[in-house]
Amino acid sequence: MPEADQPAGQRTPVRAGSGGPGRIRTGRVARAAPLVALTGRTAGEAVISALRRKDRAGVHQRGAERYAESLGRSRGVLMKAGQILSFVSLGSLVEGSSQSVYQAALARLQDDAPPMEPELAAGVVTAELGAPPQEVFAEFEPDPLAAASIGQVHAATTHDGRRVVVKIQYPGVDEAIRADLANAELLATFFQLIRGVLPDLGHTDARALAAEVTERIGEEIDYRVEAVNQQAFADAYRGHPFARVPEVLPEYSTARVLTMERSDGMRWAQARQADQELKNQWGEAVYRFTLGSLRRLGRFNADPHPGNYLFHPDGTVTFLDFGCVKTWDTAQVGWMVRAVQAAIDGDPDELLKQYTAQGFVPGEPPEPKALLAWARESLAPVLAEQPFTYTPEFAARIVDLEFSPRGPHSAVVQRLALPGEYLALSRIDLGLTSVLAGLHAASDWRSIREEMDLGAAPATRLGELEAAYREARS
């Protein structure tokens, strides 16, 4: 049974002084040194294996497991970076590639990590809420439901009978993260190191990616920010027919404790085994939530990995974890819509105009028709014959064609620069693509986008439900 699917009580707790949350190492050298050693060891083993003509898959597997283990112990910024890599490296979604073992190992960081001992979690609750968890709540489960990068989640029941989950931040993790964020070179160094085993990142500006991750994860330290973000989504989607967001309980929430309504559902591994028709419904729900939040709220979760979803047998999806939310203003959202529409309409001059206006073309511009061809690659789901099915092979192809400085669109890629405020947009797009590809989701994506962009009549059952919901809300 995969580790992420094991009951919390079967996981090994992190003990104070073991290098886990009881004693989190800080400083660039202390926290990056294990990764440096792993890079050298993995590269060395690969060379030896090649010389001896051994099975190289075993070398990659051992290296991937060591990276995941080291990142899991590091907590904070480095672990969050590992989570990002586990879905941004879409080339690794193709079975049999040398990178697939790294994606699989890093994916264990998505929604599971070694938990802290119960007395440590109870100490945080006592310090933040003024009493031990057994007094604050009518019932409190000491073993966590899940443990992730900066905190873990416990089941509880309030004195008025509400079933909730309590997210508790690891002791000392905020200091460790602040130490990481104070050193601007740490994440850049990490991404440079990881390129040795994840070539898909070879075209990525490590410093730009590090800066974006730094800005977003800096907000995650204070759970009050997450509470505000989550409640904004909960307010917007309350009563929605297929998208759910748990309500926050502010009276049980502080900077290091976040309490929300409990939602039960299938995790990613189980959802991928469901009937394809149900997976198609989930895929459309995720797609509509992504685009709808962007267009109507100017917001979206900038850390969209599969661990942030719960899937339900009725086709609905619960969206979790709003600690890393990116906000765009009306003008920025308007630009996104215009740029996509120019690409769909096949207007190269308008597309170049839009990209230039937003700072994507810092020097000599690419040839307009070449830019259009590049932009339309990722729009295949709406340009192709409908319905279109997302697959891992399609996701990998998009990475190879759209982001490689050595691929067929290299003349375009090498002349574009992604402004910092739009880096999260790339992560959201890649995350959405990876989730839909993992579900093999099929739908009439063109009609869904036209419905959202142009106000066309809904073409699917979910579209009709959402239209009725919006009309009732207005």
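The values are calculated or read from the model by the stated rules, or taken from the named source; none is laboratory data. Keep in mind the model is a prediction, meaning the values are calculated, not measured. Neighbour counts are summed over all protein chains in view; Cβ atoms, including those assigned to glycine, are modelled from backbone coordinates with ideal geometry. These area figures cover heavy atoms from the full protein model, side chains too; ligands, DNA and RNA do not enter into them. Shrake-Rupley method; radii C 1.70, N 1.55, O 1.52, S 1.80 Å.
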What's the number of the only condition in (1) over 30 Å from Val225 (Cβ atoms); (2) surrounded by fewer than 19 Cβ atoms within 10 Å (Cβ to Cβ) that Ala343 fails to meet?
(2)
Kindly provide the set of residues from region 429-457 that are more than 21 Å from Pro306 (Cβ to Cβ) and open to solvent by 50 Å² or more (accessible area, probe 1.4 Å), ordered by number.
Arg446, Glu450, Leu454, Gly455, Ala457
Just wondering, is there one or more residues in region 200-209 that are under 19 Å from Cys324 (Cα atoms), modelled with pLDDT under 90 and of a type in the set (A, V, I, L, M, F, W, C)?
yes
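Each row is one residue, and each column tells you yes or no for (1) in contact (Cβ under 8 Å) with a residue 24 or more places away in the chain; (2) among the small types (Gly, Ala, Ser).
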| site | (1), (2) |
| --- | --- |
| Ala384 | no, yes |
| Tyr390 | yes, no |
| Pro408 | no, no |
| Ala424 | yes, yes |
| Thr433 | yes, no |
| Asp453 | yes, no |
| Arg470 | no, no |
I want to confirm something. Restricting to region 264-300 and keeping residues that are farther than 16 Å from Ile428 by Cβ, without any contact (Cβ under 8 Å) to a residue 60 or more places away in the chain and part of a loop (DSSP other than H, G, I, E, B), which single residue is most open to solvent (accessible area, probe 1.4 Å)?
Gln273
Given the condition outside any loop (DSSP other than H, G, I, E, B), farther than 30 Å from Glu247 by Cβ and in contact with a helix residue (DSSP H, G or I) (Cβ under 8 Å, 6 or more places away or on another chain), answer yes or no: does some residue in region 325-336 qualify?
yes
Among the residues of region 133-149, count how many are open to solvent by 10 Å² or more (accessible area, probe 1.4 Å) and over 14 Å from Ser253 (Cα atoms).
11
Would you check if there is a residue in region 405-418 being under 22 Å from Pro306 (Cα atoms) and open to solvent by less than 50 Å² (accessible area, probe 1.4 Å)?
no
Can Thr214 be described as among the hydroxyl-bearing types (Ser, Thr, Tyr), modelled with pLDDT of 85 or more and either open to solvent by 10 Å² or more (accessible area, probe 1.4 Å) or closer than 30 Å to Ala411 by Cα (or both)?
no
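For Ala155, are the conditions met, namely being more than 20 Å from the chain's Cα centre (by Cα), within 27 Å of Leu249 (Cα to Cα), modelled with pLDDT of 60 or more and surrounded by fewer than 16 Cβ atoms within 10 Å (Cβ to Cβ)?
Against the criterion (more than 20 Å from the chain's Cα centre (by Cα), within 27 Å of Leu249 (Cα to Cα), modelled with pLDDT of 60 or more and surrounded by fewer than 16 Cβ atoms within 10 Å (Cβ to Cβ)), Ala155 does not qualify.
So that you can scan it fast, the table gives a plain yes or no per residue for (1) in a loop (DSSP other than H, G, I, E, B); (2) open to solvent by 10 Å² or more (accessible area, probe 1.4 Å); (3) out of contact with any strand residue (DSSP E or B) (no Cβ under 9 Å at 6 or more places or on another chain):
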{"site": "Pro313", "(1), (2), (3)": "yes, yes, no"}
{"site": "Phe322", "(1), (2), (3)": "yes, no, no"}
{"site": "Arg338", "(1), (2), (3)": "no, yes, yes"}
{"site": "Leu352", "(1), (2), (3)": "no, yes, yes"}
{"site": "Tyr355", "(1), (2), (3)": "no, yes, yes"}
{"site": "Phe360", "(1), (2), (3)": "yes, yes, yes"}
